[in-house]
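The structure under discussion appears below in the form of structure tokens.
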Amino acid sequence: MRHRVNTRKLGRTSAHRVSMFRNMVSSLIEHEKLETTHEKARLVGRLAERMITLGKRGDLHARRQALRIVRGREAHSKLFGELAERFAGRSGGYTRVLRTRRRPGDAAEMSIVSLLEAAPGAKAPAEKGEKAPRKKAAAAKKATTDKAKKAEKAEKPAKKKAGTKKAAAKKGARKKKSSKSED
């Protein structure tokens, strides 16, 4: 039974496995595509997604955490620059794993891990303080509904006032008629 076993050992020591994943994630970030066995591809994709999330965060602590995994200045600068901007409007799912073929030597199932392109029409927020587009649209919708509610409230008292004026005018007209009839 494999109860509470979270990692795949892949027939390697832990040091070899960590080193292999560091190299593969760095290559994936640098070249945006990587071919490997299916099991390794799934694990590398998960690790790469975590690194891209750190890249989007962009603070000092995130940079230091990413430096533990990502090797090379080019890969590190690409992660915190180009990839962070590309995936700013996306909240996950930055990689794709596609099964391709069986390797001739040992019949291992091969896959390609690749980084996705930016979503069509997705626009990155201009500044860090600015909300994401989805949140901005929801806030704008709420603001318009709030304005409409305020306008309705403003109209309702006006209608009541107009109604009271009419009633007062009718009473005044009645008084005038009654005073004329009495004379």
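The numbers here are math on the coordinates, done by the rules we state, and not lab data. Just so it is clear, the structure is predicted and the values come from calculations on it, not from any experiment. Backbone-built Cβ (ideal geometry, glycine too); neighbour counts: all protein chains shown.
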Projected label distance in nm at Arg101 and Thr13, using a 7 Å step from Cα toward the beta-carbon: 3.4 nm
Computed FRET value (nearest 0.05) for Gln65 with Arg4, which takes r as the C-beta separation and R₀ as 30 Å: 0.75
